[in-house]
Structures are given as structure tokens and as C-alpha cells.
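Peer 1: Have a look at the structure that comes next, please.
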Amino acid sequence: EPRESHRAHASRVFASEIADKLQRGRLDKRFTELVLIAAPRFLGVLRDVLDPTTAALVRGTLDKDYAGLNDRELIERLEKM
């Protein structure tokens with residue numbers, strides 16, 4: 001049985017934390033639909049840990065890594081979509 005690498009474990013834990021926040025946001029009626037933007041590998045992990053009801057609100061995904069951008073650069077990229 002293969003063991004999960006430290007990096008894969010950390011990604012799964014972080015994705016679970018995000019999924020929990022999204023679920024709470026859904027329950028608090030803070031949004032009615034979602035667009036997920038994440039690095040390709042992490043996007044798959046995040047999709048895997050979303051609860052089915054929250055996952056049903058995902059209207060689109062973008063597999064891009066924008067983690068290194070500052071706020072202005074991020075807004076510019078997102079406005080172009």
C-alpha cells in the first residue's frame with residue numbers, strides 16, 4: 001500500500017480546510033455559485049474533498065496557478081476572463 005507523501009498530505013489537509021470554509025459559506029448563504037481557480041494538481045484535490053451540495057454550485061473551474069501574483073495583477077488577470 002503506497003504511503004502518501006508529505007506534500008500530498010499537506011495539499012489534502014489544506015484543500016479540506018478550504019472545502020470546510022466553502023461549505024460554511026454555502027450554509028450561511030454567502031454565495032449561490034462558485035468558480036474555482038487553483039493550480040491544476042491542487043484543483044483536483046479540492047474537487048475531491050468538496051461535499052456534494054457545495055460541489056453542485058461549482059459553475060466553472062480554471063486550472064491556473066495565480067498564487068505568486070499581487071492583488072493588482074490578480075484582478076487584471078481575472079477581469080480578462
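Peer 1: Could you please state how large a percent of the accessible area of the chain is carbon and sulfur, counting protein chains only and using a 1.4 Å probe?
Peer 2: With neighbouring chains kept in place, the figure for the chain is 50 percent.
Peer 1: Averaging over all projection directions, find the projected area of the Cα convex hull of the chain and quote it in nm² with one decimal place.
Peer 2: 6.4 nm²
Peer 1: Using modelled amide H (1.01 Å from N, peptide plane; none on Pro or chain starts), what sits under 5 Å from the amide H of Leu62, excluding residues fewer than 5 places away?
Peer 2: HN-HN under 5 Å from Leu62: Leu36, Ile37, Ala38.
Peer 1: Leaving out ligands and nucleic acids, and using a 1.4 Å probe, what accessible area per residue does the chain come to in Å²?
Peer 2: Result: 80 Å² per residue.
The values are calculated or read from the model by the stated rules, or taken from the named source; none is laboratory data. Since we're looking at a predicted model, the values are computed, not measured. Accessible surface is based on the protein model in full, side chains and every heavy atom, while ligands, DNA and RNA are left aside. Shrake-Rupley method; radii C 1.70, N 1.55, O 1.52, S 1.80 Å.
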